[in-house]
Every structure is written in C-alpha cells, then in structure tokens.
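Have a look at the structure below before the remarks.
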Amino acid sequence: MSNKEKDNKQDIEQSDVEEKVEETQVEKDDAQEVGEVDPLEAVQAEAAALKDKLLRQHAEMENLRKRTERQVADAHKYAIEKFATSLLDVVDNLERAVETEEGNEKAVREGVALTLDSWHKVAEKFALERIDAVGQSFDPHFHEALSKMPSEEAEDTVIAQHVAGYTLNGRLIRAAKVLVSSGPAKS
C-alpha cells in the first residue's frame, strides 16, 4: 500500500472518529433538549405524585367514613319511623273511643275492637307475631313461668297466660308470662 493510500485510509478513519464524536455530542444535546431528566429528579417527582395520590385517597376515605357514620346515625334515629307512622291509626281509634259519649258502652266496645284489629294489621305488616302459649308445652325460650300449679293437664303444659309474648321477625322481644301445670294433684 502506498503512502497516499495509507493517508487516505487514516483520513477516512479520522473522519469516522470525528463523526462518531459529533454524533455522541448531538445525542447529548438532543437528550438535554428533549428533557432527559436527572434520575434523582424523576424519583422525587414520582414520590410527590404518589404522596398527592395518597393524600387524596386518605381524604376520600375520611369523607366516606363520615358519610357512613351519618347514615348509620340516621338509620338508628329513624329506624322505627314506618312502624310509628302505622301506629298512628291505632292511636286515632283509641282517641275516638275515649271521646264516645257516656252510656254508649256498645260504641266504646266496637271502637276498641276496631282498634285491636288495626293493631293486628300493623303487627302483621311488620312481622310482629303474638305468642299464644295456652295448651302448649312450656318452652323457656318463649315462655316465662310465673308459677307452677297442679292441674288436670300434663306436667309442663301451659295452663294460663297472663301476658302474651311477641317475636319480631322470628326473634323473641318479649316472653309470654304463663302458669305451668305441675301435673294432677297428688292425694
């Protein structure tokens, strides 16, 4: 190879190196122009965004908690509103019975019967069931024994009921107060 060829080859190699240096410099300049961010700045920006998101979620959860507390308080406060409204018809009938003229016991009796009927309708509407225990076997889950007494009925049979018991949606809210047979009297 001649010197001239060697010089050309070195010139070509030199220009290739210079082009590569220029390309690298251009890439650096482009990266800075495009906005390549310092890794520390990127992590700080991400942390700030996550902190903001966390604070927003926390505020949202706090609002949800407060709203739920208000709803629960209102539910407790107004839970029996429909029941109370239904009872107003019963109260109206009782007031009419009290306002009946003296000497008109038949009207009072009819008024009380109507009142009792309206009470039964309200009770049925709200799944309030009466426990009638007379003639049934004594059940301590639904009956409260006031006393035991001898009778012709079998032992542990309810022979009288002083106060009716009630269940609400199948749950006992008041036990029936009853007299229970102790079996036939022993001579």
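See the values below:
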read-out	value
Overall dimensions of the stretch 61-111 by Cα: Rg and Dmax, Å	20.8, 67
Residues Ile173, Ile131 arranged by fewest to most Cβ contacts within 10 Å	Ile173, Ile131
Around His120: net Lys/Arg minus Asp/Glu count, Cβ-Cβ under 13 Å	-2
Whole-angstrom gap from the stretch 156-185 to the stretch 102-121, using each part's C-alpha centre	26
Sorted peptide list for 51-57, 180-186, criterion being average Cβ within 10 angstrom, highest first	180-186, 51-57
Leading residue at positive end of dipole, the stretch 129-187 (Cβ point charges), from Ser151, Gly165, Gln136	Gly165
Value of D in µm² per second that Stokes-Einstein yields for the stretch 129-187, Kirkwood Rh from Cα pairs, at 10 °C (1.306 mPa s)	140
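Readers should treat all values here as calculations from the given coordinates under stated rules, not as data from a laboratory. What you are looking at is a predicted structure, and each value in this text was computed from that prediction instead of being measured. Every residue, glycine among them, receives a Cβ derived from its backbone with ideal geometry; neighbour counts consider all protein chains shown.
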